[in-house]
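Take a look at the structure below.
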Amino acid sequence: MKPAFALLVLPVVVFAQHQQVIQGVEQRAAHFAAVSRTIWEYAETGYHEDKSSALLQKELQAAGFRVQAGVAEEPTAFVATFGSGKPVIGLMGEFDALPGLSQAARPDRSPVVQGGAGHACGHNLLGAGSALAAVAIKEYMEKNHVAGTLRYYGTPAEEGGAGKVYMIRAGLFRDVDVMMQWHPSSDNSVSSGGALAINTAKFFFRGTASHAALAPERGRSALDAVMLMGNGLEFLREHIPANSRVHYTITNGGAAPNIVPDSAELYLYARNPTLNALNGVWDRILKVANGAAMMTDTTVEIRGLSGSANIVPNDALAPAAQKILEEVGGFRYTAEERHFAEDLQKSLPAEAAGALESTAVVAPFRRPDPNTPSASTDVGDVSWNVPTIGFSGATFVPGVGAHTWQAAACAGMTIGQKGMVVAAKAMASMAQELFAKPQLVADAKADFAKQMQGKAYKSVIPEGAKPPLNYR
């Protein structure tokens, strides 16, 4: 399905003060739907989103933004700025795809490129939707002589590359008053807080090779160390907070059974709803790794250490965001979209498929429950440094989860694009509120200070580390 303007204009009843910026989004919806589709076709993975980043930069430059490219030693990161002075309001845009999830915009499993990358988290919509909002806000500011600075942050490699962490360290968010973000989802909702803090690393063990039959006593098996580390992690699960997540895979298990492996590697993710609790879990994981090395007379090296924080809530921004999203409202499927959705839901477990009518409503605001399943994002690191509020748009057919071929299919057609427009309208209206109401900005900063009492942001990524440009 190709973008069609008639399908993207979402008639809603909004308060008069937001009508102008809402209309600005609607007028450009079809164009940025096409931008999102082009990025969907590029399907570039983290730190290699060259064409996707260049396209978004081109769009923002054409709209009158000043663009600074290649920031924070990340070739595809950029900052686009309009205006000057306070307040400084920012929007985040992502544009990286996931490996191995190439998919056509069809309701059945149909890779475009076998084994290729695909936008199974909808970041093609995320980057384009934030740009759509930014352009609408900028034109509203011009027409109404609104003072302040608007920024679009092009943030690469969200999927495991921690791109925003390096941008934070480069000081790019230092003077921002409020950040906004959104993410593709299966519902329309406000997100304040949540997500799981995550640490990731590869544990590389080095031993001594030997003939496994003739002289096994001479060998020191790195694979034994990996296996013992895995066993230790399974015993550890009982003695860490129950809402933690620890998952791993063996990425190197040796060359052949008759050779004592002199190298082996375990790739591990650890998560917890709070950064402080995760740090405690991580300390114990390191002890397990070192213990495995000691038991096998091998050595262990930690490679590719990375991580992201949980998202800090903001109790001042959340009610304002919820009110705005309820004004914007959702959308309904056309007959063609309904047919697509019904076919797609056949690939889901029966209990997972949601009501198709849910895209027309806005979910009531709920504080994140730290004991419910969640994912991780480097948006969390931004939220530990700047008051942050988020939205979700119903870009996925109800019941579809992110990081699936079904999500990639939705992200490439009008269902995803309609959800993107909902999010763009909400962000544009929220920005208008922030520029117009200094007290809301002040309240957001006061609540941020309250949320951060007794906490200190510290990324697990070593100081001085460079962005892992080839982590994929």
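Counting other beta carbons within 10 Å of each residue's own, what order do MET227, MET179, MET427 fall into, fewest first?
Ranked by crowding around the Cβ, least crowded first: MET227, MET179, MET427.
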Along the dipole axis of segment 197-308 (charges at Cβ: +1 for Lys and Arg, -1 for Asp and Glu; origin at the Cα centre), the most positive-end residue among ALA197, PRO257, MET294 is ALA197
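Kirkwood Rh, Cα Rg: Rg to Rh for the chain?
On the Cα set of the chain, Rg over Rh gives 1.01.
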Size of segment 197-308 along its principal axes in angstrom, Cα-based, largest extent first?
50, 24, 18
Going by alpha carbons, how many degrees (0 to 90, nearest 10) lie between the helix axis of 50-62 and the longest principal axis of the chain?
20
Taking the simple approach of a point 7 Å from Cα along Cα-to-Cβ for both ALA54 and ALA213, what is their distance in nm?
5.6
Can you list residues whose amide H is under 5 Å from ASN188's amide H, if they're 5+ apart or on another chain and H is modeled 1.01 Å from N?
ALA363, ALA394
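Using DSSP, restrict attention to beta bridges with both residues in the chain and report what percent are antiparallel, rounded to the nearest 5. Before the final figure, lay out each step's value.
Working: 43 of 61 bridges.
Approximately 70 percent, going by the DSSP bridge assignments.
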Over what distance in Å are the Cα centres of segment 232-293 and segment 306-364 separated?
35
What's the longest piece of the chain with no exposed GluC sites (Glu not before Pro), counting a site as exposed if DSSP puts it in a loop and it has at most 11 other beta carbons within 10 Å?
1-350
Pairwise over distinct Cα atoms, reciprocal of the mean inverse distance: report the Kirkwood radius of segment 103-150 in Å, one decimal place.
13.6
Is there a quick way to get the dipole size of segment 197-308? I mean about its Cα centre, with the Cβ of Lys and Arg at +1 and of Asp and Glu at -1; what is the value in debye to the nearest 20?
280
Distance between the C-alpha centers of segment 118-181 and segment 85-105? Whole Å please.
8
What is the extension gain from GLN19 to ARG237, computed as 0.36 nm multiplied by their sequence separation minus the C-alpha to C-alpha distance, in nm to one decimal?
73.2 nm
What distance in nm separates the simple spin-label points at ARG367 and ALA442, each placed 7 Å from Cα in the Cβ direction?
2.6
Over all distinct Cα pairs, what is the inverse of the mean 1/r for segment 59-113, reported as the Kirkwood hydrodynamic radius in Å?
14.5
Find the percent of Cα-Cα distances in segment 286-432 that exceed 24 Å, and round it to a whole number.
49
Efficiency of FRET between ILE250 and GLU142 - r from beta-carbon atoms, R0 56 angstrom, step 0.05:
0.50
Inverse of <1/r> over all distinct C-alpha pairs of segment 425-472, i.e. the Kirkwood Rh in Å, gives 14.3
Amide H partners (placed H, <5 Å) of TRP384, local residues excluded
VAL312
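Taking 0.36 nm per residue of sequence separation and subtracting the Cα-Cα distance, how much length would be gained by fully extending the chain between ARG174 and ASP343, in nm to one decimal? Mind showing how you got there, number by number?
On the way: separation 169, 0.36 × 169 = 60.84 nm, distance 4.70 nm.
Length difference between fully extended and current span is 56.1 nm.
Values in this text are rule-based calculations from the coordinates and carry no lab data. Keep in mind it's a predicted model, so treat the numbers as computed, not measured. All Cβ positions, glycine included, derive from the backbone under ideal geometry; neighbour counts span all protein chains shown.
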